[in-house]
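Working notes, structure below.
The values are calculated or read from the model by the stated rules, or taken from the named source; none is laboratory data. Remember, it's a predicted structure, so these values are computed and weren't measured experimentally. Here the Cβ is made from the backbone with ideal geometry for all residues, glycine too, and neighbour counts use every protein chain on show.
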Amino acid sequence: MPAALLIWVVLLCVPAPPAGARGDERIVVPYDDYLVSDTRFHRRETWRWQRLMGKRRTPAAQGELRPSHSYRRWVNRLWENRAARERHRAKHPPRHRQWLCIHRYEGGWRLIDGPYYGGLQMNMEFQRTYGAELLARKGTADRWTPLEQIWVAERAYRSGLGFQPWPNTARMCGLL
């Protein structure tokens, strides 16, 4: 039985709302479950990108649990758009070209070179200070994605360090 036909059969079996019910008090049909799980997925994705960028989490109400199907669709689209926007922002960090230039002179993204790790050669103190969550969750910087390494370096930059942790390579890139 095709999925669309199955949905129509389920809809026909759902009783009509009681007489006198307001328009937004519809009975929730089983196929709405995908909207709730999809909305939660997009919300988690939004928060994951925000955490990576060091931004505050977008607050969320439990609106996807309201009984109106149209409202659930609206909330789902809202979180889907937020996730897409945060993903785009995270994949285009400020000073991206400068970080890639520093990386070119430092080494591979998976490099373990003495006390330095990753493509931007971060030592343990640097990782603990600016990437503590990633360090706890994934281990040293050589296990982080290039984007995660760049965002940790960006946090250090924004804290006032600038490109000072990479004096020689930043000088070769014309950043100091």
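Within the range 40-55, identify whether any single residue is surrounded by 15 or more Cβ atoms within 10 Å (Cβ to Cβ) and more than 18 Å from the chain's Cα centre (by Cα), and answer yes or no.
Scanning the range 40-55 turns up no residue that is surrounded by 15 or more Cβ atoms within 10 Å (Cβ to Cβ) and more than 18 Å from the chain's Cα centre (by Cα).
Filter the range 10-53 for residues that are in contact with a Phe, Trp or Tyr (Cβ under 7 Å, 6 or more places away or on another chain) and within 20 Å of residue 154 (Cβ to Cβ); which is modelled with the highest pLDDT?
So the residue we want is 46.
Under 20 Å from residue 54 (Cβ atoms), at pLDDT below 95, touching a helix residue (DSSP H, G or I) at 6+ places or on another chain (Cβ under 9 Å) and not acidic (Asp, Glu): is that true of residue 119 in this structure?
yes
Under 6 Å between Cβ atoms, at least 6 apart or on separate chains: pull out the pairs that start in the range 143-161 with a residue that is closer than 15 Å to residue 90 by Cα and end on any residue that is aromatic (Phe, Trp, Tyr) and assigned to a helix (DSSP H, G or I).
From residues that are closer than 15 Å to residue 90 by Cα, the pairs are 150/99; 152/130; 153/99; 155/130.
In the list 87, 73, 66, which residue meets the criterion of being charged (D, E, K, R), at pLDDT 95 or above and surrounded by fewer than 18 Cβ atoms within 10 Å (Cβ to Cβ)?
Exactly one residue qualifies, and that residue is 87.
Could you list all residues from the range 106-132 that are surrounded by 13 or more Cβ atoms within 10 Å (Cβ to Cβ), assigned to a helix (DSSP H, G or I) and not hydrophobic (A, V, I, L, M, F, W, C)?
Correct list: 106, 127, 129, 130.
Restricting the search to the range 100-146, which residues are farther than 20 Å from residue 171 by Cα and touching a Gly at 6+ places or on another chain (Cβ under 7 Å)?
109, 111, 113, 141, 142, 144, 146, listed by residue number.
Considering each residue of the range 101-117, count those that are without any contact (Cβ under 8 Å) to a residue 40 or more places away in the chain and within 21 Å of the chain's Cα centre (by Cα), and give that number.
Total meeting the criteria: 0.
In the range 146-168, which residues are of a type in the set (A, V, I, L, M, F, W, C), closer than 12 Å to residue 126 by Cβ and outside any helix (DSSP H, G or I)?
166, the sole residue that qualifies.
Limited to the range 58-99, what total is found for residues that are without any contact (Cβ under 8 Å) to a residue 24 or more places away in the chain, of a type in the set (A, V, I, L, M) and touching a Gly at 6+ places or on another chain (Cβ under 9 Å)?
1
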